[in-house]
C-alpha cells in the first residue's frame, strides 16, 4: 500500500464529514459518506480516500477526485463483521507526488437513527476479547487517537464486567493511571484545544472530576497523576464495600 508524505497537510474538520451506517452497529457495515471540501482549496487532481480501521483491520477506499461535495452511498466494508469501535480517516492525496494534502482522523460513524455507538462515546471504550495469549485479564490497546480497555471475554459480557465491583475498584483506576502516564510522557497540547485528541480528552476528563491540569514544568507528573487517580477512586466510592466483602471472606 502506497505511503504518503505528511509534510504541509491540512486538517479537515470533523464537522465537514458524515459517515452514516445503513444499519446498526452490530450489523455488517454498509455506509453512506458525505464530505464537504468546498473551503479547503485542494487541487482538483487530488484524490479522496476513506479509511475504516479497527485494531489491525484496515481498508482504503477511493472516493474519487476532489470536488466541493463528495458523496458516496452503500459502501460495503467487507473487512469488518460489525461497526462496533470502528473509526474512520479521510485523506486527500496527490498520488503522483506521494503527498498527503489533507486529513481527518478519529471519525465516528452514526447509525441509521443518527446516534453514535454508546461505547465509543465513553472516555474509555471497553471491548471483550480473547487475551489468553497475553496471560492477562485486561490490558489497554492503543491505536492513533484511541485507547480501548480490552477485557478477557471469559469473564462475561462487557456490560456485566464494567458494572462489577472488581472493575470499579481495581481495573478502572489502574487503567486511568496507565493512560495518564502515557499521554503525559509525550508532547501534549497545553491549551487543550482539540477535544478529539487522546491526551486532550483525558486531561479534560481529569479536570472535570476536579484534578485540575498538570503543570507543563513538572517532570513525570507523578504527584498530579496520583492525585487524579485518588479523586477518581473517591468518586467511584466502593472502597468500604470492597473492605466489607473481603472481610467477609472474599479472599478465600
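The values are calculated or read from the model by the stated rules, or taken from the named source; none is laboratory data. Since the model is a prediction, treat every value here as computed from it, not as a measurement. In this analysis, Cβ positions are derived from the backbone assuming ideal geometry, glycine residues included, and neighbour counts consider all displayed protein chains.
Looking at the range 1-104, the strands (runs of 3 or more DSSP E) lying wholly inside it that each contain 2 or more residues that are modelled with pLDDT of 90 or more and closer than 27 Å to residue 141 by Cα sit at 17-21, 30-36, 47-54, 87-94. Residues in the range 204-229 that are within 16 Å of residue 172 (Cβ to Cβ) and in contact (Cβ under 8 Å) with a residue 40 or more places away in the chain were compared, and the one that is surrounded by the most Cβ atoms within 10 Å (Cβ to Cβ) is 228. Against the condition touching a strand residue (DSSP E or B) at 6+ places or on another chain (Cβ under 8 Å), surrounded by 17 or more Cβ atoms within 10 Å (Cβ to Cβ), under 23 Å from residue 18 (Cα atoms) and modelled with pLDDT of 80 or more, how does residue 119 come out, does it pass? Spelling it out, it is not the case that residue 119 is touching a strand residue (DSSP E or B) at 6+ places or on another chain (Cβ under 8 Å), surrounded by 17 or more Cβ atoms within 10 Å (Cβ to Cβ), under 23 Å from residue 18 (Cα atoms) and modelled with pLDDT of 80 or more. Quick one: would you say residue 39 is exposed (fewer than 12 other Cβ atoms within 10 Å of the Cβ) and in contact with a helix residue (DSSP H, G or I) (Cβ under 9 Å, 6 or more places away or on another chain)? It is true that residue 39 is exposed (fewer than 12 other Cβ atoms within 10 Å of the Cβ) and in contact with a helix residue (DSSP H, G or I) (Cβ under 9 Å, 6 or more places away or on another chain).
Per the listing 103, 61, 107, 75, the residue uniquely surrounded by 13 or more Cβ atoms within 10 Å (Cβ to Cβ) and in contact with a helix residue (DSSP H, G or I) (Cβ under 9 Å, 6 or more places away or on another chain) is 107. So how many residues does the range 184-203 have that are in contact with a helix residue (DSSP H, G or I) (Cβ under 6 Å, 6 or more places away or on another chain), surrounded by 19 or more Cβ atoms within 10 Å (Cβ to Cβ) and free of Cβ contacts under 8 Å to residues at least 40 places away in the same chain? So the answer is 1. Checked against (1) over 22 Å from residue 195 (Cα atoms); (2) touching a residue at least 60 places away in the same chain (Cβ under 8 Å), residue 11 passes all but a single condition, namely (1).
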